[in-house]
Amino acid sequence: MADSKQAIPLVGVVMGSKSDEALMQPALDMLKELGIAHEVSVMSAHRSPQKVREYALSARERGIEVIIAGAGAAAHLPGVLASWTILPIIGVPLPTSDLKGIDALLSIAQMPSGVPVASVGIDGAKNAALLAAEILGLKYDSIEKAYEEYRKKLAMG
Ligand code: RP5
C-alpha cells in the first residue's frame with residue numbers, strides 16, 4: 001500500500017461556476033474528514049474551455065488520481081474533462097437550473113460509449129468524495145482505514 005500522507009493533492013475538485021461552491025462544499029468537507037489531500041478549481045467547459053483542457057492534460061502529472069467535477073444545466077464539464085484525460089472522473093449533477101439537476105444528471109450519466117464518466121445522484125457531492133475514497137483506498141492504506149471507520153460509524157447509526 002502507498003502512503004497518502006502527502007501534501008500533493010490526490011483529488012481535483014472542479015466546478016463549472018463560482019456559484020456552484022455551496023453545493024460542492026460537502027465534497028470538500030468529506031475529503032477533509034477522510035484526510036484526503038485535494039485541490040479546488042473553478043472552470044467552465046463553455047466559458048473557459050482552454051482552462052479545462054490544460055487542467056485535464058496536466059492533472060495526472062501533477063499527482064491527481066481522481067477528479068470530481070460538479071456542474072449544472074447542460075453539464076458537459078465532466079465529459080469534456082474525460083475527453084482530455086484517462087483519470088477517473090466522478091460527475092456531480094447540480095440542481096442549478098430550472099430543471100433542478102435532471103438536465104445535469106442526464107448530461108453526465110449519458111456519456112457516449114467509449115469515454116466514461118461516473119455519476120453520483122443530483123446534489124451528490126458528498127457521495128462523490130466517498131466514491132473517490134473507495135477508489136483511492138485500493139492504493140492508499142490510510143484512506144482505506146479512514147473510509148472503513150466512516151462506514152463503521154454509519155452502521156452504528
Ligand atoms: C453551469 O451553469 C454551472 O456549473 C452552474 O451550475 C450553472 C450556472 O452558472 P453561472 O451562470 O451561475 O456561472 O455551467
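The values are calculated or read from the model by the stated rules, or taken from the named source; none is laboratory data. This structure is a prediction, so every number in the text was calculated from the model and none was measured. Cβ coordinates were reconstructed from backbone atoms using ideal geometry, including for glycine residues, and neighbour counts include every protein chain displayed.
In table form, for the structure just shown:
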item	result
Test: residue in the range 23-31 that is surrounded by fewer than 21 Cβ atoms within 10 Å (Cβ to Cβ) and in a loop (DSSP other than H, G, I, E, B)	no
Failed item in (1) more than 13 Å from the ligand (Cβ to nearest atom); (2) of a type in the set (Val, Ile, Thr); (3) surrounded by 17 or more Cβ atoms within 10 Å (Cβ to Cβ), with Val115 passing the rest	(3)
The lone exception for Asp123 - which of (1) buried (at least 19 other Cβ atoms within 10 Å of the Cβ); (2) more than 15 Å from the ligand (Cβ to nearest atom); (3) within 24 Å of Arg47 (Cα to Cα) it fails	(2)
Filtered residue count, the range 126-157, keeping only those that are outside any loop (DSSP other than H, G, I, E, B) and closer than 14 Å to Val66 by Cα	13
Of all residues making up the range 32-43, the number that are assigned to a loop (DSSP other than H, G, I, E, B) and within 12 Å of Gly16 (Cβ to Cβ)	1
Within the range 61-76, tally of residues that are within 11 Å of the ligand (Cβ to nearest atom) and among the hydrophobic types (A, V, I, L, M, F, W, C)	5
Test for Met1: is it more than 10 Å from the ligand (Cβ to nearest atom), modelled with pLDDT under 95 and not β-branched (Val, Ile, Thr)	yes
Only one of Ala104, Ala69 that is part of a strand (DSSP E or B), in contact (Cβ under 8 Å) with a residue 12 or more places away in the chain and touching a Gly at 6+ places or on another chain (Cβ under 7 Å)	Ala69
Some residue of the range 44-58 being within 16 Å of the ligand (Cβ to nearest atom), outside any helix (DSSP H, G or I) and surrounded by 15 or more Cβ atoms within 10 Å (Cβ to Cβ)	yes
Residue match in the range 77-98 (condition: at positive phi and within 11 Å of the ligand (Cβ to nearest atom))	no
Count - residues of the range 5-19 that are modelled with pLDDT of 95 or more and either basic (Lys, Arg) or within 7 Å of the ligand (Cβ to nearest atom) (or both)	5
Pairs where the first residue, in the range 8-36, is at positive phi and the second is of a type in the set (D, E, K, R), C-beta under 8 Å, 6+ apart	Gly35/Lys5
